[in-house]
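Participant: What follows is a structure written as structure tokens; I'll ask about it next.
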Amino acid sequence: MRLGVLDIGSNTFHLLVADVHPGGRPQATTSQRTVLRLMRYLDSDGSINETGVQALVDAVTQARTVAEAENVVELLATATSAVREATNGAEVIARIEAALGQELQVLGGESEARFTFLAVRRWFGWSAGQILLFDIGGGSLEIASGADELPDVAASVPLGAGRTTIEFLPHDPPGEDAVEVLREHARSVLAPVVDLMVDQKRPNHVVGSSKAIRSLAKLAGYPVPGWSGSERMLLPRGALGSWIPRLARIPASARQELPGITADRTFQIVAAAVVLHTAMTALDVDELEVSPWALREGVLLRYIESLSWQEPV
């Protein structure tokens, strides 16, 4: 059957359409991204303003049209931190659902981490052993750890690239003093997460799974041979750290000339780098590997599991 996953994030609005069957690997047919940056539409009271709500409604309407044209049987619509935390979230959700013609599943931070962890586990397999996961979105950072399909520990903290850019790096370029303030803030916010991870086994595999981390890996990481001719990307903490002072001095208009930094990431990439480097340092991680699967694939996989199994003819 053909399924669609609609992921309404803090930074991007993403529709993934895939052909699936029980026990099979999802085969993507369409992937459509719209950059929203919902954080820029937040008013001082924490509500999403009318311009932002209308942008959401327009994006949902377009996604619904694409899903219908693609003959999607079931559309799994989810929203994450920006919608979840808005003071007018209930009103925004109602308008999204009216445009969508169905219910919207609003995920909590730990649920985001669990879905993403499931996708990463399936991608790397059981041989990866104990996995430590980092996922940076626009509004939050998710960290999870475990040796099974679902993590033993999952945490979500308000250290997303969009949120921290607005709060700590509003100037262009931000400069190293502002970066250091963000770094200290991230250390403080991460301290309880580090305590949660104390009893976890040393990871056999450390994984990063967001668009921001993929961009940083292309900038500061290096490729290694994968399986079946695929390429894997590794991101060393040392190389990432060496780029941060340079990124902080380069204006956003020039950052998109750098490897891996797309136009929609130019403003937020400095904050993403600082948060990721701080998290890797706090959890004593020297290097991570980038996963091509993340939240959307996790939602798909969980739904596939819920389908009834049929005896072969």
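Participant: Please go through region 31-63 and pick out each residue that is among the basic types (Lys, Arg) and either open to solvent by less than 70 Å² (accessible area, probe 1.4 Å) or in a helix (DSSP H, G or I) (or both).
Facilitator: Within region 31-63, 37, 40 qualify.
Participant: Conditions: (1) hydrophobic (A, V, I, L, M, F, W, C); (2) open to solvent by 70 Å² or more (accessible area, probe 1.4 Å); (3) at pLDDT below 95; (4) not in a strand (DSSP E or B). Residue 28 meets all but one. Number of the miss?
Facilitator: Every condition holds for residue 28 apart from (4).
Participant: Just checking, how many residues over region 268-295 are surrounded by fewer than 21 Cβ atoms within 10 Å (Cβ to Cβ) and either of a type in the set (Gly, Ala, Ser) or in a loop (DSSP other than H, G, I, E, B) (or both)?
Facilitator: 7
Participant: Within region 128-135, identify whether any single residue is farther than 14 Å from residue 276 by Cβ and touching a Gly at 6+ places or on another chain (Cβ under 9 Å), and answer yes or no. Full working, then the answer.
Facilitator: Within region 128-135, the subset farther than 14 Å from residue 276 by Cβ is 128-131.
Still in the running and touching a Gly at 6+ places or on another chain (Cβ under 9 Å): 130-131.
Yes; the residues of region 128-135 include at least one that is farther than 14 Å from residue 276 by Cβ and touching a Gly at 6+ places or on another chain (Cβ under 9 Å).
Participant: If you go through region 207-249 one residue at a time, how many are in contact (Cβ under 8 Å) with a residue 60 or more places away in the chain and either under 19 Å from the mean Cα position of the chain (by Cα) or open to solvent by 30 Å² or more (accessible area, probe 1.4 Å) (or both)?
Facilitator: So the answer is 13.
Participant: A follow-up question, please. Say we look at region 172-225 and pick out the residues that are small (Gly, Ala, Ser) and outside any helix (DSSP H, G or I); which of these is nearest to residue 259 (Cα to Cα)?
Facilitator: Only one residue tops the list, namely 221.
Participant: Please count how many residues of region 167-190 are open to solvent by less than 90 Å² (accessible area, probe 1.4 Å) and under 21 Å from the mean Cα position of the chain (by Cα).
Facilitator: Qualifying residue count, region 167-190: 8.
Participant: Could you tell me whether residue 270 is in contact (Cβ under 8 Å) with a residue 12 or more places away in the chain, within 24 Å of residue 13 (Cβ to Cβ) and not small (Gly, Ala, Ser)?
Facilitator: On the way: in contact (Cβ under 8 Å) with a residue 12 or more places away in the chain: yes; within 24 Å of residue 13 (Cβ to Cβ): yes; not small (Gly, Ala, Ser): yes.
Yes: the conditions hold for residue 270.
Participant: Mind listing whichever residues of region 296-313 are of a type in the set (Val, Ile, Thr) and in a loop (DSSP other than H, G, I, E, B)?
Facilitator: The answer is 313, and nothing else.
Participant: Of all residues in region 110-127 being open to solvent by 10 Å² or more (accessible area, probe 1.4 Å) and touching a residue at least 24 places away in the same chain (Cβ under 8 Å), which is nearest to the chain's Cα centre (by Cα)?
Facilitator: So in region 110-127, the residues open to solvent by 10 Å² or more (accessible area, probe 1.4 Å) come out as 110-112, 114-115, 122-127.
With touching a residue at least 24 places away in the same chain (Cβ under 8 Å) added as a condition, the list becomes 110, 112, 114-115, 122-124.
Numbers: 110: 13, 112: 9, 114: 12, 115: 11, 122: 17, 123: 16, 124: 18 Å.
Once the filter is applied, the top-ranked residue is 112.
Participant: Could you run through region 70-92 and say how many residues are out of contact with any Asp or Glu (no Cβ under 9 Å at 6 or more places or on another chain) and part of a helix (DSSP H, G or I)?
Facilitator: 8
Participant: Would you mention how many residues in region 70-101 are under 19 Å from the mean Cα position of the chain (by Cα) and open to solvent by 60 Å² or more (accessible area, probe 1.4 Å)?
Facilitator: 2
Participant: Identify the residue in region 254-267 that is surrounded by 12 or more Cβ atoms within 10 Å (Cβ to Cβ) and without any contact (Cβ under 8 Å) to a residue 24 or more places away in the chain and, among all such residues, is farthest from residue 10 (Cα to Cα).
Facilitator: 254
The values are calculated or read from the model by the stated rules, or taken from the named source; none is laboratory data. Please read all numbers here as calculations on a predicted model, not as lab measurements. With ideal geometry, Cβ positions are generated from the backbone for all residues, glycine too; neighbour counts draw on all protein chains shown. Ligands, DNA and RNA are excluded from the accessible area calculation, which covers all protein heavy atoms including side chains. Shrake-Rupley method; radii C 1.70, N 1.55, O 1.52, S 1.80 Å.
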